[in-house]
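Report on the structure given below.
The values are calculated or read from the model by the stated rules, or taken from the named source; none is laboratory data. Keep in mind that this is a model prediction, so the values were computed, not measured. Glycine also receives a Cβ, built like all others from the backbone with ideal geometry; neighbour counts cover every protein chain displayed. For accessibility, only protein heavy atoms count, side chains too; no ligands or nucleic acids. Shrake-Rupley method; radii C 1.70, N 1.55, O 1.52, S 1.80 Å.
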Amino acid sequence: MSEVLVDKRELLLGESLGSIVAGVRGADRIFEEFKLDFCCGGDISLGAAIEEKDLGEEEIVERLMKLLEENSTAAVMVDWRKEDPLKLIDYILEVHHTFDREELTTIQRLLDKVLRAHYKKHPELLGKINKLFYSLKMELDEHFLKEEQVLFPMLAEYFSLDVKDEVKLKEIEAYINETEEEHDGAGSILEEIDEVTEGYTVPEGGCRTFELLYSHIRELTMDIHKHIHLENSVLFKML
């Protein structure tokens, strides 16, 4: 193996999960597959995350190296670390808050149907999913409002200042700490849903609506991971 490739591998292993996702298109899919937490745990290095999960580093690094090669010849994606933070805030609101709210509504509708059709056969499983989902929904509903009405306006005002205000910065940092704790809470609920559903494996006898329910929960999970990553590892680092 050439010295250049060795250097690239070592650089990847030393980079944080959040930085890799921000700079390598498609890395989030690989991390989702191996359950490497790039949103709430985005500050941990790839090497440390692999060791912590006791995973084989070879396949993960090789696939990331392939993505790096593909990214270099593909159309340029947005590197939000280099963009105006106000533009990123608008993107989070317009894309992630909108999508996540729509998915929560869809999941709620599908879950109601599945409960009516399958609760008698799977009371323990569906009882747990029901409680976890509504706990997640309640947390996210309030979380989105707090970001939209308090945190993001505070950030927009701060980023627009010609002379930065240390008092405002400390106030924002305190609110960010609270926000990141809420991110951790949502992440924990999603992990528990993944465990309860055995990786979204539809039980025997499950209907098409059951399959759709799990599919939408998976899509919501993946989007929330990207959403949290953009806030924790990109937006908040811009201060």
**Report entry** Set K82, K164: member being closer than 16 Å to L235 by Cα, at pLDDT below 95 and open to solvent by 10 Å² or more (accessible area, probe 1.4 Å)
**Finding:** K82
Query raised in the report: Can L110 be described as touching a Leu at 6+ places or on another chain (Cβ under 9 Å), free of Cβ contacts under 8 Å to residues at least 60 places away in the same chain, surrounded by 15 or more Cβ atoms within 10 Å (Cβ to Cβ) and under 22 Å from T221 (Cβ atoms)?
Result: no
Report task. Return a yes/no flag: does region 154-174 have any residue that is hydroxyl-bearing (S, T, Y) and either under 15 Å from the mean Cα position of the chain (by Cα) or under 20 Å from G42 (Cβ atoms) (or both). Result -> no
Requested in this report: Would you mind stating whether I176 is modelled with pLDDT of 95 or more and within 20 Å of D28 (Cβ to Cβ)?
Outcome: no
Query raised in the report: Does D141 qualify as being at pLDDT 95 or above and either polar (S, T, N, Q) or open to solvent by less than 80 Å² (accessible area, probe 1.4 Å) (or both)?
Result: yes
Report task. Tell me, yes or no, whether region 215-237 has at least one residue that is open to solvent by less than 40 Å² (accessible area, probe 1.4 Å), free of Cβ contacts under 8 Å to residues at least 24 places away in the same chain and either over 16 Å from D43 (Cα atoms) or aromatic (F, W, Y) (or both). Result -> no
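Test V150 against the stated conditions and say whether it is modelled with pLDDT of 95 or more, surrounded by 12 or more Cβ atoms within 10 Å (Cβ to Cβ), among the β-branched types (V, I, T) and in contact with a Phe, Trp or Tyr (Cβ under 9 Å, 6 or more places away or on another chain). Steps first, please.
Details: modelled with pLDDT of 95 or more: yes; surrounded by 12 or more Cβ atoms within 10 Å (Cβ to Cβ): yes; among the β-branched types (V, I, T): yes; in contact with a Phe, Trp or Tyr (Cβ under 9 Å, 6 or more places away or on another chain): yes.
The answer is yes for V150.
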